1. Restricting to segment 111-128, give me the number of residues that are out of contact with any helix residue (DSSP H, G or I) (no Cβ under 8 Å at 6 or more places or on another chain) and part of a loop (DSSP other than H, G, I, E, B).
2. Can you tell me which residue is farthest from residue 514 (Cα to Cα) among those in segment 281-302 that are part of a loop (DSSP other than H, G, I, E, B) and open to solvent by 10 Å² or more (accessible area, probe 1.4 Å)?
3. What residue, of 263, 278, 245, is over 23 Å from the mean Cα position of the chain (by Cα) and outside any strand (DSSP E or B)?
4. Can residue 61 be described as over 21 Å from residue 37 (Cβ atoms) and open to solvent by less than 50 Å² (accessible area, probe 1.4 Å)?
5. Residues in segment 253-297 that are out of contact with any helix residue (DSSP H, G or I) (no Cβ under 9 Å at 6 or more places or on another chain) and either of a type outside the set (Val, Ile, Thr) or more than 12 Å from residue 163 (Cα to Cα) (or both): how many?
6. If residue 140 satisfies all but one of (1) among the polar types (S, T, N, Q); (2) open to solvent by less than 90 Å² (accessible area, probe 1.4 Å); (3) more than 26 Å from the chain's Cα centre (by Cα), what's the number of the condition it fails?
7. Working only within segment 222-249, note down all residues that are open to solvent by less than 20 Å² (accessible area, probe 1.4 Å) and touching a residue at least 40 places away in the same chain (Cβ under 8 Å).
8. Conditions first: (1) of a type in the set (A, V, I, L, M); (2) surrounded by 14 or more Cβ atoms within 10 Å (Cβ to Cβ); (3) at pLDDT 85 or above; (4) outside any loop (DSSP other than H, G, I, E, B). Residue 13 passes all but one, so which condition is the exception?
Amino acid sequence: MVAFFLLIGILLLVFGIGFAYLTGPWAFVVLGVIVVGLLGVLIYDLTQRKHAILRNYPIIGHIRYMLESIRPEMQQYFIERNYDGRPFDRDTRSMVYARAKGQDDHKAFGTERDIRALGYEYFLQSAAPVAPPENPPKVTIGGPDCRQPYKISLLNISSMSFGALSDNAVLAMNKGAAMGGFVHETGEGGITKYHLEYGADLFWEIGSGYFGCRNDDGTFSPERFAEKAQWPQVKGILIKVSQGAKPGLGGVLPGAKVTPAIAEAREVPVGEDCISPASHSAFTTPRELMEFVAQLRELSNGKPVGYKFCVGSRVDVLAMCKAMLETGITPDFIIIDGAEGGTGAAPLEYEDTVGAPLTEGLMVVHNALVGAGLRSRIKLGVAGKIALGSDIVKRLIQGADFAMSARAMMMATGCIQAQKCHTNECPVGVATQNPRLVRALDVEDKGNRVYNYHKLTVKEAVQLMASMGVDDTRKLNPRMLRRRVDHLGTRSYASMFAWLRPGQLLEDPPKTWALDWRDASADAFGLADLDPFPHLREYENASGSSKNSHAVHPMYYPERDDEQDSVKTEAKASDAPRPEGQPG
């Protein structure tokens, strides 16, 4: 290989000398400059001590670093197929772009997906489809203690702070949300003048840094919160407990990035590190969380208050339920953030290995609330890789009431999935504070695109439901979504997972839930103080025998017969639509 490149170098040098001889003396000057430059690189490569490749292969070793630098672009544009890119595949991105531009998003010749692959999921259409409603349905958020309920769209803008996003990106999203009548969630960076520019409905996110409502020592300020919570644009309050992409981890915005505009919004000093702790100082237990919910609801004059978290331990979820039962306080909504969710920056190991995926997390929370008799009081939202109408319908079937989307909204604003959000070098001006890059993002045009994307995606979700014979989201049930579990068969979500009956945890917890329900406490989060080896008893108590390999899965229902939900199963009375968030 070295000899090959050496031969190429000699041939280029000979060619250069011949070219210079034919073109004139000035060409010898240019050739001399090139040779001297390469000689300098050669000397540097041989004497530097950081890169072994350059010391062993001077000059030509730089080719390796050049190719490595363009690897992401080569992968995205020339190697990946339409359906296997990550985090979002080409088909998904193309559909978002097309809808944002108001263009045709149809595709010819049939699916490219492998519909025989394990894990493939599909909806069951009806032999008698219905007409979709003229106006897309909305969901009313507001429990018994809420004095200002709010009707929320099926799809809304999820958590993204100014600072993570540019001012123009926030403005464009706010404009689109105002035009479409859907929620613009502020992110934990607080409410800025950009969030107020076009008058969109806001959900104000309160993170562990309490930005926009904090005392000088970083603790929560009820007075500052009450002042802003009364603003008419603020329609709801969201407490951020954890984030799907990095649950259990705080964050630091370096002082160099704390510009005057960011400092004004977050109420922190200019140029100083802006710290978001891993946990809240306002509460440390499930009981205190519910009391904080009640406090914010009172300070906001009865506006909907909820919280967002990525599911970890099921014991924590059940502890929240016990806190609700013991205090009589319930949030108006809960948003489950899946581990597949996005972020501007997070350690790769957190992104890849911490937290429950959205399907499992949603199943746990929905069933826990149903089993505790609380589901009818609380609406469930979902966030984490929601981009298409089919994503919305899938989550509604699994138990959600509405959806939030961040990265798809970024793509509607112009994001090309360059994955440079943490470098301040976003090439399209969405996730950067560099004025030169931000100026390329036209607020008027991109605001219209956000509106178009939302409108057409919700329309597609409603059309999918209509094809399934449903004109109301409450009529969806888990029998309508199936997954291929092996090369011969598929199963519906109704048979594949356990669905608790209303109040079942209070009366007779099923064996697969009893241990966690017993260990959950309204006065403690976490597993650290519990029996470190409960699974030994769980195997015995949950299964009764060793022949059922699914017996200890937290969601599998060991009493079910695998054959009862074959493709030939007839509809039964128990398959009626789910009332108040109950499963079919």
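1. Counting residues in segment 111-128 that are out of contact with any helix residue (DSSP H, G or I) (no Cβ under 8 Å at 6 or more places or on another chain) and part of a loop (DSSP other than H, G, I, E, B) gives 11.
2. 301
3. 263
4. In short, no.
5. So the answer is 17.
6. Condition (3) is where residue 140 drops out.
7. Result: 225, 229, 234, 236, 237, 238, 239, 242, 244, 245, 247.
8. (3)
The values are calculated or read from the model by the stated rules, or taken from the named source; none is laboratory data. Keep in mind that this is a model prediction, so the values were computed, not measured. A quick note on method: Cβ atoms are made from the backbone with ideal geometry, for glycine too, and the neighbour counts reach across all protein chains shown. Only protein heavy atoms, including side chains, enter the accessible area calculation; ligands, DNA and RNA are left aside. Shrake-Rupley method; radii C 1.70, N 1.55, O 1.52, S 1.80 Å.
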